[in-house]
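No value in this document is a laboratory result; all are computed from the given coordinates. This structure is a prediction, so every number in the text was calculated from the model and none was measured. Cβ placement follows ideal geometry from the backbone for every residue including glycine, while neighbour counts extend to all protein chains displayed.
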Amino acid sequence: TPATLLNFTSANLISKSVGGLLIDAAGDLIGATDGMVYELVRTNGGYASGLTKLASVGSLSTLVRDSTGDLFGTSNNTVFELARTASGYSSAPVTIATVPALSAIFLTIDAAGDIFGTAANGGANGDGSVFEIARSGAGYSSSATTLVSFNGANGEQDPEGAVVVDAAGG
């Protein structure tokens, strides 16, 4: 029988859980709500009895982690980063790019650190898009490049899921 680790209530600042949970190398669970990023810390006996608030964010659509442990999310048509530090995570999200969307945005990160996303209601036709935020030695591009704008004839309108990156990075 599965054990309940935490009940979400207004007392622990959870308004609506968004997406799934991420698990880091230490076994800590990282999640998001509509308004914050949180962590459930793994202890010797299981998990801590409460959550740790990592950062406050606006309306959140997605949360992913790169190979170095940095967290990336979307909030209010921007993509932000919470850097992993020696003592945990930065508490201040840093906006790295604006994105072409009016609503739900879903992210995926490839092995090179490039960020890909799908956005509902965005793109040239307002029917959604697939975009990329390229990573270079100097960091991330400050704006997203639209790769595809959906129009109903070239795919489903208003995509509601992330793209999948294959082993070749495509």
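The table below gives the values:
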| read-out | value |
| --- | --- |
| Coordinate range along principal axes, alpha carbons of segment 15-92, Å, largest first | 39, 27, 19 |
| Global geometry of segment 63-103, whether rounded, prolate or oblate, following the gyration tensor of its Cα atoms and the 1.5 cut on a/c | prolate |
| Selection from Gly45, Val79, Ser91, by position along the positive dipole direction of segment 15-91 (Cβ) | Gly45 |
| Segment Ser141-Ala167, extension gain: residue separation times 0.36 nm, minus the distance between their alpha carbons | 7.0 nm |
| Distance histogram for segment 36-156 (every C-alpha pair counted, 10 angstrom bins, percent rounded to whole numbers) | 13, 41, 29, 13, 4, 0 |
| Per-pair calculated FRET efficiency, R0 = 25 Å: Ser67 and Val41 via Cβ, rounded to 0.05 | 0.70 |
| Label-point gap, in nm, between Asn76 and Leu21 - each point 7 angstrom along Cα→Cβ | 3.0 |
| Highest to lowest packing among 132-141, 77-86, 41-50, 112-121, scored as the average C-beta count within 10 Å | 112-121, 77-86, 132-141, 41-50 |
